[in-house]
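Here the structure comes first, spelled out in structure tokens, and everything after it is commentary.
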Amino acid sequence: APLGVAVIGTGRMGSDHVRRIDEVISGARVAAVVDIDGDRAKAAADRIEGCTAHTDPAAAMASAEVDAVLIASPGPAHEAALLEAFARGLPVLCEKPLAPDAESALRVVEAEARLGRRLVQVGFMRRYDAEYRQLKELLDGGGIGRTLMLHCTHRNVATPPGYTGPMMINDSVVHEIDVTRWLLGQEITAVQVLRPAPTASAPAGLSDPQLVLFETAGGAVVDVEIFVNCGFGYQVRCEAVGERGTARIGEAHGLSVDAAGRWGGAIAQDFTERFRAAYDREVQDWVDATRRGYTRGPSAWDGYAAAAVCEAGVRAQDTGGRTPVLLAERPGLYR
Ligand code: ISE
């Protein structure tokens, strides 16, 4: 029988995942949807045969039709939903952030460690992007020698109303935090943030762009340009500089047209477009592993470590200083 998934939260990511499970993924079906807005939950459920609508995550998880949970509600609601899923032994794909701060993320890690087995995969979907996987394979295979530096670019077209400086770290740079830890296999030990005079396109009070610097346990240095009102497109790039060469991703532009005396192509406008295939692969891989009875991919520890680096990053934005990252001890489950 297909895996019955409860999708919690029917906002931008949640409704995209409902569509994905319904139309793209094999071996799973949307058995329940949850939203604090009952009308919105019902509207989503009505489009899918045999899908029930709920306003309370616990009620959805209690359904006999539900075998696994996809959490796509706002970050502050994640911890309670995760602990409920643990209590029922239900596997979870949890959108980032695992939890909004390091302290609550560590509580989730400790709760899962007490269970003694992994139930959580965190939604760091770049690990499923074809280009990032190629880069990881190259670095792991020693193709360019030891990695000395990463140069990363992360640009968004524009920010929605209410967007704040800390969100540049917590919502956006968090992906480079995960990518750095994953590509290098090293923890991030310190963060600094430099702020050029802001673009006139940024809303008043938002210091945009920023240059975020990481140091890693193995002595690598990583720079991240985060520019969330660049105006022209969604761009994510990464160049690894090794002892014997360099490697770049994020420059593939698909269709290129030469006409009327010009060459060029289109730039993606947002992450659902740029990372569509990565999201598909991520959710399919979660479904496949879950049906076979195990959990793999980015772990709760990865979610916690990212939250700890984000906290240091937000402090570094405020102080302008070099801010060390202090991590708790890694439980044996994640070694
Ligand atoms: C958004 O929350 C994401 O997760 C995207 O992947 C990221 O690129 C974007 O900057 C964030 O706002």
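Values quoted throughout were computed directly from the atomic coordinates according to the rules given, and no laboratory measurement underlies them. Quantities reported herein were computed from a predicted structural model and do not represent experimental measurements. A quick note on method: Cβ atoms are made from the backbone with ideal geometry, for glycine too, and the neighbour counts reach across all protein chains shown.
Can you give the extra length, in nm with one decimal, that the chain gains between Phe232 and Ala277 once fully stretched, where that is 0.36 nm per residue apart less the Cα-Cα distance?
Details: separation 45, 0.36 × 45 = 16.20 nm, distance 2.20 nm.
Taking 0.36 nm per residue and subtracting the Cα distance, the gain is 14.0 nm.
Label points 7 Å out from Cα along the Cβ direction at Ala62 and Thr319: separation in nm?
Once both label points are built, they end up 4.7 nm from each other.
Gain in length, Gln134 to Arg107, computed as 0.36 nm per residue apart minus the alpha-carbon separation, to one decimal in nm? Don't jump to the answer; show the numbers that get you there.
Values: separation 27, 0.36 × 27 = 9.72 nm, distance 3.38 nm.
The Gln134-Arg107 span can extend by a further 6.3 nm.
Based on the alpha-carbon gyration tensor of region 266-335 and its eigenvalue square roots a ≥ b ≥ c, which shape applies: rounded if a/c is under 1.5, prolate if not and a/b is larger than b/c, or oblate?
It is oblate, given that a/c is not under 1.5 and a/b is not larger than b/c.
Treat the count of other C-beta atoms within 10 Å as a stand-in for reagent exposure and order Phe227, Phe124, Phe86, Phe214 from fewest to most. Let's see the in-between values first.
Details: Phe227 21, Phe124 25, Phe86 17, Phe214 28.
The fewest-first ordering by Cβ neighbours comes to Phe86, Phe227, Phe124, Phe214.
Compute the angle between helix 300-319 and the longest alpha-carbon principal axis of the chain, please, reported from 0 to 90 degrees and rounded to the nearest 10.
Helix 300-319 and the main axis of the chain meet at about 50 degrees.
Just to compare against my own numbers: the Cα pair-distance distribution for the chain, 20 Å bins, whole % per bin, please.
Going from the shortest bin to the longest, the percentages are 30, 58, 12, 0.
Could you calculate the FRET efficiency of Ala197 with Glu251 from 1/(1 + (r/R0)^6), where r is the beta carbon distance between them and R0 is 41 Å, rounded to 0.05? All intermediate terms of the calculation are to be shown ahead of the outcome.
Values: r = 28 Å, r/R0 = 0.68.
In this case the efficiency is close to 0.90.
How far apart, in nanometres, would the label points at Asp37 and Glu329 be if each is projected 7 angstrom from Cα along the Cα-to-Cβ direction?
It works out to 4.6 nm between the two label points.
May I ask for the distance between the Cα centers of region 111-182 and region 291-327, given as a whole number of Å?
Region 111-182 and region 291-327 have Cα centres separated by 10 Å.
Please compute the Cα-Cα pair-distance distribution of region 85-224 with 5 Å bins starting at 0, giving whole percents from short to long.
All Cα pairs, binned at 5 Å, distribute as 2, 8, 15, 18, 18, 16, 13, 7, 3, 1, 0 percent.
Asp16 to Ala266: extension gain in nm, 0.36 nm per residue of separation minus the Cα-Cα distance?
On the way: separation 250, 0.36 × 250 = 90.00 nm, distance 2.29 nm.
Roughly 87.7 nm would be gained on extension.
Take peptides 313-321, 88-96 and line them up by average Cβ neighbours within 10 Å, highest first, as a rough protection proxy.
Values: 313-321: 17.0, 88-96: 20.9.
Going from most to least packed, we get 88-96, 313-321.
I'd like to know which of Val224, Ser172, Gln269 lies farthest towards the positive end of the charge dipole of region 133-270, counting +1 on Cβ of Lys and Arg and -1 on Cβ of Asp and Glu.
The residue sitting most towards the positive pole is Gln269.
Can you tell me the 0 to 90 degree angle between the C-alpha axis of helix 12-23 and the longest principal axis of the chain, rounded to 10?
Approximately 60 degrees, to the nearest ten.
Using the per-residue mean of other Cβ atoms lying within 10 Å as a proxy for protection, in what order, highest first, do the peptides 305-312, 142-149, 166-173 fall? Please report the intermediate quantities before stating the final value.
Working: 305-312: 25.4, 142-149: 14.9, 166-173: 22.1.
Descending mean neighbour count gives 305-312, 166-173, 142-149.
Order by neighbour count: His151, His54, fewest other Cβ atoms within 10 Å first, most last.
Ranking His151, His54 by Cβ neighbours within 10 Å, fewest first, gives His151, His54.
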